[in-house]
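The values are calculated or read from the model by the stated rules, or taken from the named source; none is laboratory data. As the structure is a computational prediction, the values presented were derived from the model and not from experiment. Here Cβ is always computed from backbone atoms with ideal geometry, including for glycine, and neighbour counts include all displayed protein chains. Ligands, DNA and RNA are excluded from the accessible area calculation, which covers all protein heavy atoms including side chains. Shrake-Rupley method; radii C 1.70, N 1.55, O 1.52, S 1.80 Å.
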Amino acid sequence: MEVPLLPVEIDDDLAPLLRAHPLPAMVSDADMNQEEIAQAFGTTVNTVAKWIREGMPVAQVGGNGRAYVLRLSHCWAWRKSREAEAAQRSRHNEAQISLLRAEMLGVEIDSPAAQMSAKERRELAEADMRWSEAQRRRRQLVPLPDVLELLESLGKIVRDGLEAMPDRLEREIDLSPSQVSAVARIGSDLLTAWADCIEERELRDREVGEADLSEQLLI
């Protein structure tokens, strides 16, 4: 059953709003009080009162014990129009901001940098600095297997050299047998000290997880 509506004059400002923003097809028009309009729009009575002060159409002005009467279709059209204006204003302002950023940064308007806020550009710069620092540190790091392989190669060179040194010194500078024995003993002592140092440090058995993350590949 249709409920009769109050006779309301539609002025020239309201008419185009009603044409541009009609009620959804399944919704019938109705005259409501402020509490009902607040429920319909999911807001508060105080907000509805604020909208009225800002120019929302009123079918019947309240006062002296008489409640305000608000036509649902009129309030809907007015709110939708305000939302559309706000969205248009926001798009316009964002476009001007992008133009100004592009001018200040010396880039084209369609450049991603022109679309970023100051906060976004700062975050991007900080991320780039962190990435650059990480890359710099990576170039300073050496994988553990490579370090071990290098140490083994160096150790073999030193060991072979020390073991061959007595014979070479005997041939090249004509050392006496006692001198050759002394050189052999010194070389053996050096190799033993080398092996003891490696065993003490437990280089091969050390847990990488015990080291600081920045040093794991340097162990």
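Here the stretch 18-46 is the region considered, the condition is being without any contact (Cβ under 8 Å) to a residue 24 or more places away in the chain and touching a helix residue (DSSP H, G or I) at 6+ places or on another chain (Cβ under 7 Å), and the residue that is most open to solvent (accessible area, probe 1.4 Å) is 35. Could you check, for the stretch 187-205, whether at least one of its residues is basic (Lys, Arg), modelled with pLDDT of 70 or more and either in contact with a Pro (Cβ under 7 Å, 6 or more places away or on another chain) or surrounded by 10 or more Cβ atoms within 10 Å (Cβ to Cβ) (or both)? No - not one qualifying residue is present in the stretch 187-205. On the given criteria, is residue 57 open to solvent by 40 Å² or more (accessible area, probe 1.4 Å) and part of a loop (DSSP other than H, G, I, E, B)? Against the criterion (open to solvent by 40 Å² or more (accessible area, probe 1.4 Å) and part of a loop (DSSP other than H, G, I, E, B)), residue 57 does not qualify.
For the stretch 64-71, the count of residues that are at pLDDT below 90, part of a strand (DSSP E or B) and out of contact with any helix residue (DSSP H, G or I) (no Cβ under 7 Å at 6 or more places or on another chain) is nonzero.
In the stretch 182-209, the residues that are under 14 Å from residue 144 (Cβ atoms) and among the small types (Gly, Ala, Ser) never reach a residue that is open to solvent by 90 Å² or more (accessible area, probe 1.4 Å) and at pLDDT 85 or above with C-beta atoms less than 9 angstrom apart, at least six apart or across chains.
Residue 15 meets all of the listed conditions (1) without any contact (Cβ under 8 Å) to a residue 12 or more places away in the chain; (2) open to solvent by 40 Å² or more (accessible area, probe 1.4 Å) but one, namely (2). Among the residues making up the stretch 159-178, those that are part of a helix (DSSP H, G or I), open to solvent by less than 90 Å² (accessible area, probe 1.4 Å) and either farther than 21 Å from residue 148 by Cβ or among the hydrophobic types (A, V, I, L, M, F, W, C) (or both) are 162, 164, 165, 166, 167, 169, 170, 178.
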